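The values are calculated or read from the model by the stated rules, or taken from the named source; none is laboratory data. All values reported here derive from a predicted model rather than from experimental measurement. Cβ: placed from backbone, ideal geometry, glycine included. Neighbour counts: every protein chain shown.
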Amino acid sequence: MANGRNRDGWDGFTWSARGEDGSLDGTSEGRQQPLDEARDNDAEAGAGDIGSTTEGRWVSQGGVLRWEDGEDEEKEASAQAEVNSHWAEDEVELPQGAPETLRIRAAHAWLARQRAMEAQEQGLLLLERRLRGSQDTQDTQEDAAGMQRRRGPVEESPLDIALAEHQAAIEEYERLIEELDDVAAHNGPARVLVEYHLSLTERLAELARAPEAPAEFAERLLLVPVEDEEAVVGAKVPVSLRAEAEWQGRAGAVLQARRRVEKVTAPEPED
């Protein structure tokens with residue numbers, strides 16, 4: 001089983017063009033352009049740095065600071081552009097006093113990149129499985145089918161388990177992106193990430209009550225007791241390796257998403 005996984009003038013920004021090029025659907029078995037290479041291409045195309053005139057900056061007028069939109073902020077960004085932007089980077093550096101809409105974008109772009117990375121990993125595994133589709137593999141599968149008829153279910157291969165984990169993570173990131181969009185549609189910018197953080201914590205509590213969850217998950221990650229946790233732990237039943245892997249994919253995605261929100265909303269250091 002694979003390990004868990006180890007983001008004013010801005011109000012008009014939308015993510016409605018997500019997935020236009022089809023590269024984030026997580027189903028392609030073909031060659032995918034590496035994310036690092038795509039980011040390098042974007043840089044060569046003239047992507048600006050934070051604070052530049054292309055991506056917005058703080059300007060002073062009469063001693064009053066205000067955020068001035070950049071060229072790319074006035075355009076609707078595609079999903080791929082967000083994935084390749086520096087707003088999606090793990091160590092993103094936000095401008096001093098960044099507006100809430102910029103913090104939301106940094107969270108949203110990061111989520112899109114994580115989903116793309118999961119899809120890329122899944123694509124590599126699918127390619128590996130296809131390369132293994134030799135006659136020897138076919139013979140092995142036929143032997144396994146015979147054993148199944150005699151002995152019952154056959155255990156899935158580590159490759160199948162890893163694919164299941166990545167697929168679960170892809171689906172969870174997609175759900176998290178939709179949830180952030182929904183929260184943004186019903187709240188003002190100042191409340192979006194607050195409400196979203198609460199929803200992420202609720203999702204972690206839900207995952208902590210799942211049969212696949214380790215007994216210490218709620219206490220270690222939520223830092224609060226989960227309702228009926230003792231009853232749930234006592235009712236533990238054996239689960240399959242696939243079920244455990246899918247839980248790991250979902251829980252890892254939500255946990256990292258909450259950390260991302262905490263990062264982009266952290267107080268700025270005092271001078």
Every pair of residues 6+ apart whose Cβ atoms lie under 7 Å, when the first sits in region 104-116 and is part of a helix (DSSP H, G or I) while the second is among the aromatic types (Phe, Trp, Tyr) and at pLDDT 95 or above: LEU111/TYR173; GLN114/TYR173; ARG115/TYR173
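Show me the helices (runs of 4 or more DSSP H) found entirely inside region 144-236 where at least 3 residues are within 27 Å of ALA106 (Cβ to Cβ), at pLDDT 85 or above and touching a helix residue (DSSP H, G or I) at 6+ places or on another chain (Cβ under 9 Å).
Values: elements: 158-186, 189-208, 229-234.
Per the criteria, 158-186, 189-208.
Would you say GLU71 is farther than 30 Å from GLU262 by Cβ, loosely packed, with under 14 Cβ neighbours inside 10 Å and modelled with pLDDT under 60? Walk me through how you get there before you give the answer.
Working: farther than 30 Å from GLU262 by Cβ: yes; loosely packed, with under 14 Cβ neighbours inside 10 Å: yes; modelled with pLDDT under 60: yes.
Considered against the rule, which asks whether it is farther than 30 Å from GLU262 by Cβ, loosely packed, with under 14 Cβ neighbours inside 10 Å and modelled with pLDDT under 60, GLU71 comes out as yes.
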Qualifying residue in region 95-117 (condition: modelled with pLDDT of 85 or more, farther than 25 Å from GLU165 by Cβ and in contact with a strand residue (DSSP E or B) (Cβ under 6 Å, 6 or more places away or on another chain)): yes
